[in-house]
Amino acid sequence: MKKTFGLALTAVLTLAAPSFAQNAATPAASETLPTVAPAAPGVFTATKKGANGYHLVVTGKKFTSRHDIEFYMAYRASEITQEQKGSWFTVTESRAKGDTAPVSHRDPAANRFSFRMEYFRPVWRYKTGAAPDWKRWSPFSGAAFPEADLKSASAYEASIDIVVRKGFMDDADPLAFEAGAVNDFLVNQVSPPQ
């Protein structure tokens, strides 16, 4: 009986082995990593700025929502950081004279996070109607976000500057973002703007 059981087990394993090997080599569709479609030409640009800096710009003609566009930019910032072999990035706040929002500071006593999306704050420009001039909105100005204007805008731009960093993240800095964590959080939530 032991010999019969052993032969039966060997036969089952022999039949299963090619199937197991095939499944191990080719991941199932549900196991493949999700990807974000590339943006159309001219929608997203990343311009090198200094040794480790980048100026990111999303340009579009059809405004969806502030959330969608800013999350897409954060996702692209995380991708650029990882492409440059960085592990985290910081954002540089683009402040202008007269801005009223408090300046962000390191806070060693604050809770520790991989990122704080409320500190990912691009500056916006937009055109309404046939007017040739761009209007500017800054998250540091104290003014409400001009969502109604952007919904009727003929063009818009959102921009932010980042610096790619290596090594351990400074988690006391609210302007610091761990690239891998941002990427994992946003990959299923974003798509390129239009």
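Just so you know, all these numbers are worked out from the coordinates, no wet-lab data involved. Model, not experiment: these values are computed from the prediction. A quick note on method: Cβ atoms are made from the backbone with ideal geometry, for glycine too, and the neighbour counts reach across all protein chains shown.
Of all aspartates and glutamates in the structure, those lying under 20 Å Cα to Cα from residue 85, and not within fewer than 8 positions of it along the same chain, are 161, 170, 171, 178, 184.
The packing ranking, built from the mean of other Cβ atoms within 10 Å per residue, places the peptides 135-148, 180-193 in the order 180-193, 135-148, highest first. For q values of 0.12, 0.18, 0.19 Å⁻¹, compute log₁₀ I(q)/I(0) with the Debye formula on a Cα-only model of region 37-186, without solvent. Summing over Cα pairs of region 37-186 leads to -0.51, -1.11, -1.22. Our summary gives region 37-186 a relative contact order of 39 percent, counting only alpha carbon pairs under 8 angstrom and 6 or more residues apart. Could you tally the net charge around residue 176, taking each other residue with its Cβ under 12 Å from the Cβ of residue 176, Lys/Arg +1 and Asp/Glu -1? Here the charged neighbours net out to -1. So which of 61/127; 49/127; 62/127; 48/151; 48/166; 97/127 end up more than 19 Å apart by C-alpha? In this structure, 49/127; 48/151; 97/127 exceed 19 Å between Cα atoms. Put a dot 7 Å past the Cα of residue 114, heading toward its Cβ, do the same for residue 65, and the two dots end up 2.2 nm apart. Treating r as the C-beta distance of residue 47 and residue 148 and R0 as 30 Å, the FRET efficiency rounds to 0.50. Toward the positive end of the charge dipole of region 37-186, with +1 on the Cβ of Lys and Arg and -1 on the Cβ of Asp and Glu, the farthest Cα among 148, 91, 115 is that of 148.
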